[in-house]
Amino acid sequence: MSDLQLPAKDVDILLAAAVAAPSMHNTQPWRFAVHGDVIDVFLDGSRTLPAEDPSGRAMRIAAGAATFNLRCAAESLGYGTWLGLAPYPEEPDLLARIVVKPTGQPDDSLRALAEQIPNRHTDRRPSNADPLSQRTRVALVKAAYAEGADLAWLDEPEVRTVLDLVRDTDLREIHDWRRRAERARWVGGDRTADGVPSEALGPRSTSYPAAVRDLGTRPTDRMRQETNFESHPDLAVLSTEQDEPADQVAAGLALERVLLTATRDGVNASFLNQPLEYDDLRREVQRLTGQTGHAHMIIRFGRGRTAKGTARRPVTDFLRMREQS
Ligand SMILES: Cc1cc2nc3c(=O)[nH]c(=O)nc-3n(C[C@H](O)[C@H](O)[C@H](O)COP(=O)(O)O)c2cc1C
């Protein structure tokens, strides 16, 4: 380790950027440790979703997204970043290690994306009818590719099949009290530190199956207002070739690069991941992309929407160890 000690004010900026990342049900399943100029990203085993994410894949995706934000923020402060991904056999919860050093050659693409971190929010409302430009579609594919993942746009027949899979998932979930109880714990009501507040659920769709995931479980959320959603949603599937823990972290890096690139282009996103929570349906989704690999996220992109952010926990909750500057 070098003698460089990151100044406390920079650590604050880096961690605020990291935790702005998306996470399933806004569980924020990460912890960070700062030693000198090294930042370690860990899973937080107290913030699991055993019913909906038994393997921890969604947690690792979230931690990867937080790691990508860390890198962008570090580059915007004039640091260069070196990234190593798990496995670290001696510390199974350690997912990524970032070395941060001043550099004369910042990565301009990461610096530009850092500006979008506060603007990125999951938006579950309908999109207006404007189609995404071909330029944006290509930029999003390249963003995924830059982090070692694939983003495959779905044509109309595949979109319809995904919606059928959403219906299959709903049928499986009807009697699954463990999933429903878990979601009720994390979703709904006013939320000041974590979880998904009722106001972030967006309206329900008048049509079914819909290209938006209805996360509502509470009676008032189940009865919320209905509206028409776009009839031709822009859906894409994010996949990686392999499905080891490090690949899932890489999927998170790619997810956040895609989402920040979309935000830069005035495009926002929500997710339709419920089929991916069942192995057989997940394989079916990957098959629809026409490529080999393992699907991690089904993303609905849209325009003309602005969403408010959801709450995050205070830094003291997730910083495991900090040295004085
Ligand atoms: C791995 C993963 C899976 C997610 N799955 C869904 C989903 O299926 N449906 C959904 O509406 N949001 C999903 N989300 C979005 C989270 O609910 C959202 O990131 C979180 O509530 C924080 O809100 P924000 O993205 O606006 O910061 C997912 C996020 C991640 C990282």
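Just so you know, all these numbers are worked out from the coordinates, no wet-lab data involved. In this text the structure is predicted, and so the values were computed from the model without any measurement. Positions of Cβ are backbone-derived with ideal geometry, glycine not excepted, and every protein chain shown enters the neighbour counts.
Some values worked out for this structure:
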item	result
For q = 0.09, 0.11, 0.13 Å⁻¹, Debye-computed log10 I/I(0) when each Cα of the chain counts as one equal scatterer	-0.44, -0.66, -0.94
Value of relative contact order over the chain, rounded to a whole percent, pairs C-alpha under 8 Å and six or more apart	26 percent
Cα-centre dipole for the chain with unit charges at Cβ (Lys and Arg positive, Asp and Glu negative), debye to 20	900 debye
Sites matching GluC sites (Glu not before Pro) across segment 245-325 that sit in DSSP coil, with at most 16 neighbouring C-beta atoms within 10 Å	Glu323
Estimated inter-spin distance, Gln105 and Thr292, nm [label 7 Å along Cα→Cβ]	3.4 nm
Among His25, Leu77, Thr306 the positive-end extreme of the charge dipole of the chain (Cβ point charges)	Thr306
Choice from Ala193, Ala251, Ala96 showing the highest fluctuation, given a GNM over the chain with Cα pairs closer than 10 Å	Ala193
Segment Asp317-Asp12, extension gain: residue separation times 0.36 nm, minus the distance between their alpha carbons	108.5 nm
Cα-projected label distance for His35 with Gln5, points at 7 Å along beta-carbon direction, nm	1.6 nm
Paramagnetic reach from Gln225 (point 7 Å along Cα→Cβ, amide N under 14 Å) across segment 174-210	199-206
Among Gln242, Gln225, Gln28: highest mean-square fluctuation, GNM of the chain, C-alpha pairs under 10 Å	Gln225
Cα-based convex hull volume of segment 134-303 per residue, rounded to whole Å³	130 Å³
Potential lengthening between Asp170 and Lys142 on full extension [0.36 nm per residue; Cα-Cα distance subtracted]	6.8 nm
